[in-house]
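Encoded as structure tokens, the structure appears first; notes follow it.
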Amino acid sequence: MTVRDRLWDGIYQQYYARLLRQVQKYLPTREESQDVLQDLYLQLRRRDLDPKDVENPPAYLMRMATNLAIDVLRRNKRNPLEFTDPADIAEMKGANDHCATPEQISSDRQRLDIIAAAIKDLPPRCCEAFLLCKRDHLTPAEAAQKLGVSRNMVEKHLRTALKHCREVLARHEN
């Protein structure tokens, strides 16, 4: 391992939690976010770039992480895998290996109903921003432009909506 690699490793490890939070703003699951950071690390190791040649290495990593997350979103947008009914999964090729039981399907439907009700309880602008990003797959910047607000405001609405949905779901599951 070269000195340059050790420097990048140190910066990566020091800012890992911040990088993860940044990527999670764009991606729905922690696993996807961690995959993006794994890709970031691999790309960083492949590049022939010395951290001393970069004006602000943490900002450089943050930009790389954000770009990789957006790339994942774009790939998912081009080939989205969405189901209107959990029972549709059973009709997919190879689904018999991991077939959902009627109880699981019923439970999933109940959870979806709870989340739908939680979304309806959100303030109107918060609900609109959430649906534009999560249902219509717009980026926060695209949703902001459509709503006539800042990207930061859309991200704030998303955090509020996700927190509210998690809390409502947790209350019903306990």
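The values are calculated or read from the model by the stated rules, or taken from the named source; none is laboratory data. These numbers were taken from a predicted model, which means no experiment stands behind them. Every residue, glycine among them, receives a Cβ derived from its backbone with ideal geometry; neighbour counts consider all protein chains shown. Ligands, DNA and RNA are excluded from the accessible area calculation, which covers all protein heavy atoms including side chains. Shrake-Rupley method; radii C 1.70, N 1.55, O 1.52, S 1.80 Å.
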**Residue tally, condition touching a residue at least 12 places away in the same chain (Cβ under 8 Å) and surrounded by 13 or more Cβ atoms within 10 Å (Cβ to Cβ), over region 105-120** = 8
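Taking region 128-171, which residues are acidic (Asp, Glu) and at pLDDT 90 or above?
First, pick out the residues of region 128-171 that are acidic (Asp, Glu): 128, 136, 142, 155, 167.
Within region 128-171, Glu128, Glu142, Glu155 meet the criteria.
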**Request:** Just give me the residues in region 1-41 being free of Cβ contacts under 8 Å to residues at least 24 places away in the same chain, among the aliphatic types (A, V, I, L, M) and open to solvent by 60 Å² or more (accessible area, probe 1.4 Å), in sequence order.
**Result:** Met1, Val3
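Kindly establish whether Lys134 is within 23 Å of Asn76 (Cα to Cα), under 20 Å from the mean Cα position of the chain (by Cα) and among the basic types (Lys, Arg).
Numbers: within 23 Å of Asn76 (Cα to Cα): yes; under 20 Å from the mean Cα position of the chain (by Cα): yes; among the basic types (Lys, Arg): yes.
It is true that Lys134 is within 23 Å of Asn76 (Cα to Cα), under 20 Å from the mean Cα position of the chain (by Cα) and among the basic types (Lys, Arg).
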**Request:** Mind telling me which of the residues Asp71, Asp50 ends up being under 15 Å from the mean Cα position of the chain (by Cα), open to solvent by less than 70 Å² (accessible area, probe 1.4 Å) and among the charged types (D, E, K, R)?
**Result:** Asp71
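Checking the conditions here, which among Gln110, Gln104 is farther than 30 Å from Lys146 by Cα and at pLDDT 85 or above?
Details: Gln104 fails: at pLDDT 85 or above.
Being farther than 30 Å from Lys146 by Cα and at pLDDT 85 or above holds for just one of Gln110, Gln104, which is Gln110.
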**Request:** Run Leu138 past the list (1) assigned to a helix (DSSP H, G or I); (2) surrounded by 15 or more Cβ atoms within 10 Å (Cβ to Cβ) and report the number of the one that doesn't hold.
**Result:** (1)
**Message:** Restricting to region 150-165, name every residue that is within 15 Å of Gln24 (Cα to Cα) and among the small types (Gly, Ala, Ser).
**Reply:** Ala161
